Amino acid sequence: MNTFEQFEKHESGIRSYCRSFPVLFKQARGAELITSEGKHYIDFLAGAGTLNYGHNHPVLKKALIDYISDDGITHGLDMYSGAKENFLEAFHRIILEPRGFGDYVTQFSGPTGTNSVEAALKLARKVTGRNNVISFTNGFHGVTVGALAVTGNQHHRGAAGVPLTDVSRMPYANYFGEGVNTISMMDKLLSDPSSGIDKPAAVIVEVVQGEGGLNTASAEWMRKLQKLCKKHEMLLIADDIQAGCGRTGTFFSFEGMGIQPDIITLSKSLSGYGLPFAVVVMRRELDQWEPGEHNGTFRGNNLAFVTAAAAMEHFWTTDEFAKSVQAKGKMVKERMQKIVRKHGPDSLFVKGRGMMVGISCPNGEIASAICREAFQHGLVIETSGNHSQVVKCLAPLVITEEQIDKAMTILDAAFAKVMKEETAEQAS
């Protein structure tokens, strides 16, 4: 019997990840996925960064089971509930207040990251009265039409079916190399009334571009960007959907950079358990919505509020977790640098920050071959980048050092095999 018969008969051809990992997963714990046949895989994908605290974390699972057992509200639109109250209190006390965002307010958008981006863009346009938005080369912000307009990826943009307008694309940090000051370039264009760039409502930016290939912005570049926004009266929107919730070693990816975005979008690992949940965090004076002006049926996922609050209480009331993420990120990066030195010092290089790192390969074919080889030996890992050329680590942040060691050994062997075959092919 064909294991995937039901999927092939009844599911749309749009499915993608299952094509890279053609097994039937049945269980998951921590940093491991387990198939219906009992084979264990180390997870270096983690729901594309949605499972920072791992699969079925016992503390979060208990909080969720207890809540469900007590007949807690599951779906609440935007009505008041105890679960929402607990989340708002914990989010403000543990995350926002200590980081200088104590006077910011939280909007519950639809349940996915693209919903929070749509809301943020709509709000920026409403508040400023301007249409245009600046986004960056290789940026990825979602695939609903408004978010897709600020996304650079040609593959996704091509499926829109309508013009994607009111966006000016600017070069990201180091897009032209370290010698080119992209902020000065933007300032020149925005200051010139004949540049053809309409005055923007906002700038939307990822401090680490996840899907764009782990490109990183420096603290200096981010500070200059914020200064540019203030000069031209643009709002600064930080898209921390993939890079947030601890992925870079701090809760927000921009912590310690000396900036304070006007608006922050969060989703993916915000619920802590893989449950759909997204928010827009904004300066209080920007909260100019009329009641119900932007809504969504599933903006009241109380199960996500429960696990999100439990995750914040468990992981973020001290700096112990953040320090462990930083240490593990350093371990992964050092192992990746060792792989580069062994298998391609002239053609491979390490990119990213914290536990959001990867190895850039000469092209997407090589990177994909490496991921396929790694999967054959028990490691789930994917690619990113403008040519899918980056082999990208998005492991759960709770992964053990032993699991990291095992995963990197698998990855080392995969690079060894594929790079050797590539060298032999070039020689022939």
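List of remarks:
- In the stretch 72-100, the residue that is most open to solvent (accessible area, probe 1.4 Å) out of those that are in a loop (DSSP other than H, G, I, E, B) and small (Gly, Ala, Ser) is Gly100.
- Residue among Met356, Met408, Met312 that alone is at pLDDT 95 or above and touching a strand residue (DSSP E or B) at 6+ places or on another chain (Cβ under 7 Å): Met356
- Any hit, the stretch 9-16, residues being of a type outside the set (Ser, Thr, Tyr) and part of a helix (DSSP H, G or I): yes
- Residue within the stretch 264-278 that is modelled with pLDDT of 95 or more, β-branched (Val, Ile, Thr), in contact with a Lys or Arg (Cβ under 9 Å, 6 or more places away or on another chain) and open to solvent by less than 10 Å² (accessible area, probe 1.4 Å) present: no
- Taking strands (runs of 3 or more DSSP E) as the structural unit, those lying wholly within the stretch 137-252 and holding at least 2 residues that are open to solvent by 10 Å² or more (accessible area, probe 1.4 Å), modelled with pLDDT of 95 or more and out of contact with any His (no Cβ under 7 Å at 6 or more places or on another chain) correspond to 167-170.
The rows are residues; the columns are (1) polar (S, T, N, Q); (2) more than 18 Å from Asn56 (Cβ to Cβ); (3) touching a Pro at 6+ places or on another chain (Cβ under 7 Å); (4) open to solvent by 40 Å² or more (accessible area, probe 1.4 Å).
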{"residue": "Leu286", "(1), (2), (3), (4)": "no, yes, no, no"}
{"residue": "Phe298", "(1), (2), (3), (4)": "no, yes, yes, yes"}
{"residue": "Trp316", "(1), (2), (3), (4)": "no, yes, no, no"}
{"residue": "Glu320", "(1), (2), (3), (4)": "no, yes, no, yes"}
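- Among residues of the stretch 20-49, those that are among the charged types (D, E, K, R) and free of Cβ contacts under 8 Å to residues at least 24 places away in the same chain, counted: 2
- Of the strands (runs of 3 or more DSSP E) lying entirely inside the stretch 314-428, the ones with 1 or more residues being of a type in the set (Lys, Arg) are found at 349-353, 390-393.
- Within the stretch 261-286, residues that are within 15 Å of Ile237 (Cα to Cα) have Cβ atoms under 6 Å from residues that are surrounded by fewer than 24 Cβ atoms within 10 Å (Cβ to Cβ) and of a type in the set (D, E, K, R) in these pairs: Asp262/Arg283; Arg284/Asp103, counting only partners at least 6 apart in sequence or on another chain.
- Val117 meets each of the listed conditions (1) touching a Ser or Thr at 6+ places or on another chain (Cβ under 6 Å); (2) without any contact (Cβ under 8 Å) to a residue 40 or more places away in the chain apart from (2).
- Qualifying residue in the stretch 62-69 (condition: assigned to a loop (DSSP other than H, G, I, E, B) and either of a type in the set (D, E, K, R) or closer than 30 Å to Tyr17 by Cβ (or both)): no
- Any hit, the stretch 49-57, residues being surrounded by fewer than 17 Cβ atoms within 10 Å (Cβ to Cβ) and either farther than 23 Å from Val325 by Cα or out of contact with any strand residue (DSSP E or B) (no Cβ under 8 Å at 6 or more places or on another chain) (or both): no
- Verdict on Leu33 being crowded, with 20+ Cβ neighbours inside 10 Å, out of contact with any strand residue (DSSP E or B) (no Cβ under 9 Å at 6 or more places or on another chain) and outside any loop (DSSP other than H, G, I, E, B): no
- Count of the stretch 188-219 residues which are in contact with a Leu (Cβ under 6 Å, 6 or more places away or on another chain) and over 13 Å from Met234 (Cβ atoms): 1
- Considered as a group, the residues in the stretch 383-428 that are among the polar types (S, T, N, Q) and surrounded by 17 or more Cβ atoms within 10 Å (Cβ to Cβ) include one that is nearest to Tyr17 (Cα to Cα), and that residue is Thr383.
- Leu275 vs. criteria under 21 Å from the mean Cα position of the chain (by Cα) and in a loop (DSSP other than H, G, I, E, B): yes
- Taken residue by residue, the stretch 107-127 has at least one member that is among the hydroxyl-bearing types (Ser, Thr, Tyr), assigned to a helix (DSSP H, G or I) and within 30 Å of Leu225 (Cβ to Cβ).
- Options Met356, Met331, Met282: the member that is under 22 Å from the mean Cα position of the chain (by Cα), surrounded by fewer than 17 Cβ atoms within 10 Å (Cβ to Cβ) and of a type in the set (A, V, I, L, M, F, W, C): Met331
- Search result, residues across the stretch 362-382 that are open to solvent by 70 Å² or more (accessible area, probe 1.4 Å) and either in contact with a strand residue (DSSP E or B) (Cβ under 7 Å, 6 or more places away or on another chain) or closer than 17 Å to Gly344 by Cβ (or both): Pro362, Glu365
The values are calculated or read from the model by the stated rules, or taken from the named source; none is laboratory data. Keep in mind it's a predicted model, so treat the numbers as computed, not measured. Neighbour counts run over all protein chains shown; Cβ positions are idealised from the backbone, glycine included. The accessibility values were calculated without ligands, DNA or RNA, using every heavy atom of the protein model including side chains. Shrake-Rupley method; radii C 1.70, N 1.55, O 1.52, S 1.80 Å.
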